[in-house]
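Here is the structure we will look at.
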Amino acid sequence: MQALGRLRLVLWLAVAALVVVVAATVGYRQFDRTTTASADGSALVGGPFTLIDGDGNEVTDADLRGEPFAVFFGFTHCPDVCPTSLFELSAWIEALGADAERMRFAFVSVDPERDTPERMKLYVGSFSDRILPLTGSPEQVQQAIDAYRVYARKVPLEGGDYTMDHSAFVYLMDANGAYHSHITYGEAPDLAVGKLQELIGTAS
Ligand code: NI
């Protein structure tokens, strides 16, 4: 009887594990679809925006078109994800060598309250002069966040300060400003560089 009871427990655990796997798979597919493409396969990521570069000049989505570009969102007060992403992106640019000139790279602030053009220029410039720093008014930044379906949320900290919770995809857009693919946070460097080479058409 005791063996039968144990068997029943094992079967129940197997059913529970299966439910978790199915739920995770369905959830992931749903997430992937809603963040990158609509049901007919056309991409939803990307669209019009007007932002301000590190010198205070207006930059629109039209200015970025003509060459493929990589864009990701973050903020200069970010404790780890953004500095890591910027560091990795700088390394990918190095790895591309002269081919990096075939595309553009942009870092868009999700924290316009604190990220002034001057601050963005200093911060992003400390990683690479090939990455275009972009910020703007709260309304301008919100337009870019909405266009790229970026998740960004203010999280209050003790003492009245705040941090930003945000998604960490690097979106790879084609020369027409249409979604091509993306690089996830922590992706292996050779895979990431391979995706960039594929984007600019220099993959071997
Ligand atoms: Ni960050």
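Per residue, how big is the convex hull of the range 75-118 when only Cα atoms are used? Give it in Å³.
Working: hull volume 3.5 nm³, N = 44.
In the range 75-118, the Cα hull volume divided by residue count equals 79 Å³.
Can you give the FRET efficiency for Asp146 and Arg6, using 1/(1 + (r/R0)^6), R0 = 45 Å, r = Cβ-Cβ distance, to the nearest 0.05? Please list the in-between numbers first.
Values: r = 54 Å, r/R0 = 1.20.
So, using R0 = 45 Å, E works out to roughly 0.25.
Quote the charge dipole size of the range 50-201 about the Cα centre in Debye, to the nearest 20; the model charges only the Cβ of Lys and Arg (+1) and of Asp and Glu (-1). Can you show the working numbers first?
Details: 11 positive and 25 negative charges, 32 e Å.
The calculated dipole for the range 50-201 is roughly 160 debye.
Working only with C-alpha atoms, what are the Rg and Dmax values of the range 100-178, expressed in angstrom?
In order Rg, Dmax, the Cα atoms of the range 100-178 give 13.7, 46 Å.
In nm, to one decimal, how far is the modelled label at Glu67 from the one at Leu44, with both set 7 Å along Cα→Cβ?
Here the answer is 3.1 nm between the modelled labels.
Would you mind computing the Rg to Rh ratio of the range 50-201 from its alpha-carbon coordinates, Kirkwood style for Rh?
Working: Rg = 14.6 Å, Rh = 15.5 Å.
Looking at the range 50-201, the ratio lands at 0.95.
Going by amide H atoms built from the backbone, whose H comes under 5 Å of the H on Val59, apart from near neighbours?
Leu51, Ile52, Asp53
So what is the relative contact order of the range 50-201, in percent, for Cα pairs below 8 Å that sit 6 or more residues apart?
Here the relative contact order equals 31 percent.
How much FRET efficiency would the formula 1/(1 + (r/R0)^6) give for Leu157 and Thr202, where r is the Cβ-Cβ distance and R0 is 30 Å, rounded to 0.05? List each step's numbers first, then the result.
On the way: r = 44 Å, r/R0 = 1.46.
Using R0 = 30 Å, I get an efficiency of 0.10.
Name the residue from Gln197, Tyr179, Val81 whose Cα lies farthest towards the positive end of the charge dipole of the range 50-201, charges +1 on Cβ of Lys and Arg and -1 on Cβ of Asp and Glu.
Tyr179
In debye to the nearest 20, how big a dipole does the range 113-204 give about its Cα centre with +1 on each Lys and Arg Cβ and -1 on each Asp and Glu Cβ?
Details: 8 positive and 13 negative charges, 17 e Å.
Taking the Cα centre of the range 113-204 as origin, the dipole is about 80 debye.
With every atom except the alpha carbons ignored, what do you get for Rg and Dmax of the range 68-145, in angstroms?
When restricted to Cα atoms, the range 68-145 yields Rg and Dmax of 12.2, 36 Å.
Radius of gyration and Dmax for the range 147-204's Cα atoms, expressed in Å?
15.8, 53
Rule-based calculations on the coordinates, nothing more; no lab input. Values in this document were obtained by computation on a predicted structure and should not be read as measured data. Positions of Cβ are backbone-derived with ideal geometry, glycine not excepted, and every protein chain shown enters the neighbour counts.
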